[in-house]
1. Residues being among the small types (Gly, Ala, Ser) and more than 8 Å from chain A (Cβ to nearest Cβ): count how many of those fall in the stretch B:29-44.
2. Out of curiosity, is B:ARG57 of a type in the set (Lys, Arg), assigned to a strand (DSSP E or B) and at pLDDT 95 or above?
3. Collect the residues in the stretch B:60-81 that are in contact with a helix residue (DSSP H, G or I) (Cβ under 7 Å, 6 or more places away or on another chain) and not in a loop (DSSP other than H, G, I, E, B), keeping them in residue-number order.
4. So which of A:ALA280, A:ALA235, A:ALA239 ends up being out of contact with any Cys (no Cβ under 7 Å at 6 or more places or on another chain) and buried (at least 21 other Cβ atoms within 10 Å of the Cβ)?
5. Can you name the residue in the stretch B:53-97 that is of a type in the set (Gly, Ala, Ser) and under 28 Å from B:SER2 (Cα atoms) and, of all such residues, is surrounded by the fewest Cβ atoms within 10 Å (Cβ to Cβ)?
6. Take the conditions outside any loop (DSSP other than H, G, I, E, B) and under 23 Å from A:GLY144 (Cβ atoms) and apply them to A:HIS65. Does it pass?
7. Which condition does B:LEU84 not pass, out of (1) in contact (Cβ under 8 Å) with a residue 24 or more places away in the chain; (2) touching a Lys or Arg at 6+ places or on another chain (Cβ under 7 Å); (3) closer than 24 Å to A:GLY62 by Cα, if it passes all the others?
8. Quick one: which of B:ALA19, B:ALA78 is closer than 25 Å to A:ASP246 by Cβ, of a type in the set (Gly, Ala, Ser), away from every other protein chain (no Cβ under 11 Å) and in contact with a Leu (Cβ under 8 Å, 6 or more places away or on another chain)?
Amino acid sequence: MGVMRIGHVNLRVMDMDAALRHYRDVLGLLVQGSDDSGAFYLKGWDEWDKYSVMLSPSDRAGMNHVAYKVEYDSDLDLFKDRLAEHGVDALLEPASHLPFCGRSLRFSLPSGHEMYLYADKERVGKAVGDQNPDPWPDGLKGAGAHWLDHVALQCPFDPEKGVNTVADNCRLLREALGFYLSEQVLVGPDADIQAVAFLFRTSTPHDIAFLPAPTCGIHHASFFLDGWSDVLKAADVMAKNRVKIDVTPTRHGITRGETIYFFDPSGNRNETFAGLGYLAQPDMPPITWTEENLWRGIFYHTGEAHDSFTSVYT
Amino acid sequence: MSGYRIELLTVGSEFFCPAEQPILKAMMQLGVKGIPSGCHGGGCGVCKIRVVEGQVRADSMSRAKISEAEERDNIYLACRALPLSPLTIEPLERLDRPLRKYGLI
């Protein structure tokens, strides 16, 4: 039982045609359909459920919700009770409330983000099928991203006013939802304020990250690539398509991931993330980064602050 | 190439912006500083400017960042605003944080 992985992210976009050109032609996701509300559903070629990205037309950018997939339908009842024990009122929604999904459990994180858990989603299969498959499909566009890997959320943080929703979220996910802490940043004069938390349920270094911010928002949605040469090619694809790149290919200290940060046409930050980092396991001692080294954790090569990384989000 | 002179108040610099290019992009390509650069998609709001003189046309901007009242008051996001005439503009946001207490924030 339990949470398996990130299921999908629902992003708001202001120009659907431009968004589709980005997610389909630059990231290389496969369009699976649309609905009467004008929303579009996309997946990576290596994913088997119907969608991992839902794009909703809006007059603003940002994230509507993020959803994680649990193993069994009965997990939803169990997690509803566990969340209630932690003071979080979760609502069971009927099938199809989340498009193409079975019933779902809806709640707000302490940071204000809306999160869902669900057990069933329409299955369409990988692009290479499941009978004697080739290692990759023909006709991939752009970066050819494999799957939605994780999201990083901007969480209200003002320790002097007693607000630290990075730590609140981290505690809730560990205690109520069975997530494990892989890495954290501790700051402040006594190095006891948790300013960054990376958590996992798969065997990769993170399935969700919480970052400190003045207001609730999404920092990025990240898509998986195999390795460094794929990261370089993805950057070439972005340059060809005049995508606004925030941070050119580099390496994170935290997670050891190989990365590019860039923006979709509505200004939502994306990441292409390569390398599985290390084997994350429930008994792995969590890694701690200290305040004076936190920028080496974020951008390992320069180790220097990058203003837009903290101030620019949707 | 057709375009217009853009005068940046408060920083006192001037640059040329092609008619079909957003003001922020033109500024960045010339290495001019003055308006904070963010997402370049009208979503994050850090490049907010007031158009003091001149006319612009704007592509979609996040309603969470530019209210209807602000739009009526000639406030735009520089990444989505294209010049229709020579402009005098005033940057309204600062990207650099003078004080970072906790490394990130």
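1. Just the residues of the stretch B:29-44 that are among the small types (Gly, Ala, Ser), to begin with: B:31, B:34, B:37-38, B:41-43.
Still in the running and more than 8 Å from chain A (Cβ to nearest Cβ): B:31, B:34.
Summing the residues that are among the small types (Gly, Ala, Ser) and more than 8 Å from chain A (Cβ to nearest Cβ) in the stretch B:29-44 gives 2.
2. For B:ARG57, the condition - of a type in the set (Lys, Arg), assigned to a strand (DSSP E or B) and at pLDDT 95 or above - is met.
3. Hit for the stretch B:60-81 is B:ALA81, nothing else.
4. Numbers: A:ALA235 fails: buried (at least 21 other Cβ atoms within 10 Å of the Cβ); A:ALA239 fails: buried (at least 21 other Cβ atoms within 10 Å of the Cβ).
Only one candidate passes the filter, namely A:ALA280.
5. B:SER85
6. The answer is no for A:HIS65.
7. The one condition B:LEU84 does not meet is (3).
8. B:ALA78
The values are calculated or read from the model by the stated rules, or taken from the named source; none is laboratory data. Just so it is clear, the model here is predicted, and its values are computed rather than measured. Counting neighbours? That spans all protein chains shown, and the Cβs are built from the backbone with ideal geometry, glycine included.
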